[in-house]
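The values are calculated or read from the model by the stated rules, or taken from the named source; none is laboratory data. Predicted model, so just to flag it, every value in this text is computed and none were measured. Heads up, the Cβs are rebuilt from the backbone with ideal geometry, glycines too, and the neighbour counts pull from every protein chain shown. Keep in mind that these areas ignore ligands, DNA and RNA; they rest on the heavy atoms of the full protein, side chains included. Shrake-Rupley method; radii C 1.70, N 1.55, O 1.52, S 1.80 Å.
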Amino acid sequence: MQVIVKNTVEEMSRCGAEIVAEVIFSKKNPVLGLATGSTPVKMYQELIKMHKAGKLDFAKVRSFNLDEYAGLAETHDQSYRYFMNFNLFDHVNINKKNTNVPSGLAKDIPAACAEYEKKIVAWGGIDIQVLGIGTNGHIAFNEPLSGKNSRTRKVALTDGTIQDNARFFAKKSDVPTFAVSMGIGTILEARKIILLANGKNKADAIAKTVEGPITHMIPASFIQSHANCILVIDKDAASMLKGKYPSSL
Ligand code: PGA
């Protein structure tokens, strides 16, 4: 695991965008694993800037998102499909047919999850998986107690996660209580992982992820075992780390 500590969210986002862009440049048919949440928004803006400057072509890019709220239609402004269109896909030359977000409305959720897993494999696997992290150490919606070998499935959100996400909804009771999420096992199969985090509210989860034991109580700690994993975090998120970490690769 490599840890890079940047001074600001802007620097974190530029660094993250460069790492993702490098994968797009180097692969014929790049497959991105994408994340939602407030953390990657500025990184997506950097990728859009590169595209608009003529430096980054999304024509051959394909993508799989980590998760989706159960019960929200794609048209709901808090659905993760809506988020991806709004924050990235509508601003670059990606073919939306090549973008995948788990369905929150599937009638047979286990069958839809198995299909999602099969499609990732059929499309050659994920070249780079972007992750944020929850204040409780979750990655995607893999809450504490998620197993290392978990796969895409329906999951219950913890009260803390519902509280954290209530800021995006009119009221807490509007936040869905279930989601469909890639599993830890699915995430660990990506050829490269980049986890972004900023803000003091992430410092405890980051310290446990980087310097704590691997445990299902902190699902992000499982990425310690990944062979090609980079954390790009700002100094606030790094504030509880005991070690000293570089500011560039
Ligand atoms: P955030 O969420 O980027 O909105 O902080 C991260 C997460 O819960 O994974």
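Some values worked out for this structure:
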| item | result |
| --- | --- |
| Estimated FRET transfer efficiency when R0 is 35 angstrom, pair TYR245-VAL41 (beta carbons, to 0.05) | 0.90 |
| Cβ-defined net charge surrounding ASN7, 13 Å radius [Lys, Arg +1; Asp, Glu -1] | -1 |
| GLU18 paired with LYS148, simple spin-label distance in nm, labels 7 Å along Cα-to-beta-carbon | 3.3 |
| Residues of type lysines that LYS154 reaches as a straight line, Cα spacing below 27 Å, ignoring anything fewer than 8 places off in the same chain | LYS96, LYS97, LYS107, LYS118, LYS119, LYS171, LYS172, LYS192, LYS202, LYS208 |
| Summed residue charge, Cβ within 9 Å of THR99's Cβ, Lys/Arg positive, Asp/Glu negative | +4 |
| R0 of 30 Å, Cβ-Cβ distance PHE178-GLN2: FRET efficiency to nearest 0.05 | 0.30 |
| Share of carbon and sulfur in the accessible heavy-atom surface of the stretch 2-234 [1.4 Å probe, %] | 53 |
| Cα Rg, Dmax, the chain, angstrom units | 16.8, 49 |
| Zone of LYS28's modelled label, taken as backbone nitrogen in the stretch 93-127 under 16 Å from a point 7 Å along Cα→Cβ | 123-125, 127 |
| Label-point separation in nm, LYS52 to GLU74, each point 7 Å along Cα→Cβ | 2.5 |
| Per residue accessible area in Å² of the chain, where ligands, DNA and RNA are left out and the probe is 1.4 Å | 45 |
| Estimated inter-spin distance, MET217 and LYS118, nm [label 7 Å along Cα→Cβ] | 4.0 |
